[in-house]
Amino acid sequence: MASGSIQYKTEEEIDLIRASALVLAKAHGEVASMVKEGVTTRQLDKRAEEFIRDHGGVPSFKGYNKFPFSLCLSPNSVVVHGFATDEPLKSGDILSVDCGVFLNGFHSDSAYTYPIGEVAPEVLTLLRETKASLYKGIEQAVSGNRVGDISYAIQNHVAPLGYGVVRELVGHGVGAKLHEKPEVPNYGKRGSGPLLQTGLVLAIEPMVNLGKKDVVQEADGWTIRTKDRKPSAHFEHTVVVRKDKAEILTSFEYIEKALQQ
């Protein structure tokens, strides 16, 4: 059902998104098993697309507004929407991998940022705290709260650490379309924004910079980079608003298993 332009999902529709999210989680696991020094992001993109299509899905990003790849692959100071390249990953890099799957008529969306080899301690801390802020935001995705409660929880976790919270890019509703209402900023005031109700499916995705919040778009029309060229981290889950506790539909389980091997 719809309330204004916000689409609330039935339990049957949530089941379909959950199935999409499982393929997505496993595709992330495939990528995670390959992320290391010497691998190119083009190799990661190819593997993700093969896995998604082999499991009956379609990469949500490929062809979206003419985006040419299945993954957004964003190293170091690239915040989001980075292109796959033939440049090998090297020790000290970080890499954000953002992926979406369209299956059964519904999208799912998630992202994870990896350290490659020996990464500076301050950058590892950025990754850890950005990931933690994702779960702080998810804790607020319960019926009766407002979007601003999610936004505030994320900002309130990372801003006191001196990090910059990206303003121009936000989380969003997700469902039959990859981007639906409402927008979910990673900064804001408690009690502000649209009311959250059971059945609202959201992609919550903090994008947090080691330096200042300012970003620039590169000439390709897609790649978003930090203006000060300092590293940026990005973590994302697709979740459904519930009465007492948000349900996370995507999973980092397969990523974490791959990283332990």
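Below, the figures for the structure above:
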| read-out | value |
| --- | --- |
| The one condition in (1) at pLDDT 95 or above; (2) under 21 Å from the mean Cα position of the chain (by Cα) that residue 39 fails to fulfil | (2) |
| Test: residue in segment 27-43 that is over 25 Å from residue 211 (Cα atoms), in a strand (DSSP E or B), open to solvent by 30 Å² or more (accessible area, probe 1.4 Å) and among the aliphatic types (A, V, I, L, M) | no |
| Qualifying residues in segment 181-201 (those that are under 15 Å from the mean Cα position of the chain (by Cα) and not aliphatic (A, V, I, L, M)) - the one nearest to residue 12 (Cα to Cα) | 183 |
| Qualifying residue in segment 153-165 (condition: touching a Ser or Thr at 6+ places or on another chain (Cβ under 9 Å), in contact (Cβ under 8 Å) with a residue 60 or more places away in the chain and in a loop (DSSP other than H, G, I, E, B)) | no |
| Index of the failed condition, residue 169 passing every other in (1) outside any loop (DSSP other than H, G, I, E, B); (2) surrounded by 14 or more Cβ atoms within 10 Å (Cβ to Cβ); (3) under 17 Å from the mean Cα position of the chain (by Cα) | (1) |
| First in segment 194-207 and under 26 Å from residue 99 (Cβ atoms), second anywhere and of a type in the set (Lys, Arg) and buried (at least 18 other Cβ atoms within 10 Å of the Cβ), Cβ under 6 Å, 6 or more apart | 199/9; 201/9 |
| Unique match (being more than 22 Å from residue 259 (Cα to Cα) and of a type in the set (Asp, Glu)) among 30, 11 | 11 |
| Segment 225-235, subset out of contact with any Gly (no Cβ under 7 Å at 6 or more places or on another chain) and in a strand (DSSP E or B), residue farthest from residue 165 (Cα to Cα) | 225 |
| Some residue of segment 236-247 being hydroxyl-bearing (Ser, Thr, Tyr), touching a strand residue (DSSP E or B) at 6+ places or on another chain (Cβ under 9 Å) and outside any strand (DSSP E or B) | no |
| Selection status of residue 18, in contact (Cβ under 8 Å) with a residue 40 or more places away in the chain and open to solvent by 20 Å² or more (accessible area, probe 1.4 Å) | yes |
| Residues located in segment 180-210, provided they are part of a strand (DSSP E or B) and either closer than 16 Å to residue 158 by Cβ or among the aliphatic types (A, V, I, L, M) (or both) | 184, 195, 200, 201, 202, 203, 204, 207, 208, 209 |
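Here's the yes/no breakdown for (1) surrounded by fewer than 23 Cβ atoms within 10 Å (Cβ to Cβ); (2) modelled with pLDDT of 95 or more; (3) in contact with a Cys (Cβ under 6 Å, 6 or more places away or on another chain); (4) among the hydrophobic types (A, V, I, L, M, F, W, C):
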{"position": "153", "(1), (2), (3), (4)": "no, yes, no, yes"}
{"position": "176", "(1), (2), (3), (4)": "yes, yes, no, yes"}
{"position": "202", "(1), (2), (3), (4)": "no, yes, no, yes"}
{"position": "214", "(1), (2), (3), (4)": "yes, yes, no, no"}
{"position": "224", "(1), (2), (3), (4)": "yes, yes, no, yes"}
{"position": "250", "(1), (2), (3), (4)": "no, yes, no, no"}
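The values are calculated or read from the model by the stated rules, or taken from the named source; none is laboratory data. Not measured: the values here are computed from a predicted model. Glycine gets a Cβ as well: all are built from the backbone with ideal geometry, and neighbour counts include every protein chain shown. Calculation scope for accessible area: heavy atoms of the full protein, side chains included, ligands and nucleic acids excluded. Shrake-Rupley method; radii C 1.70, N 1.55, O 1.52, S 1.80 Å.
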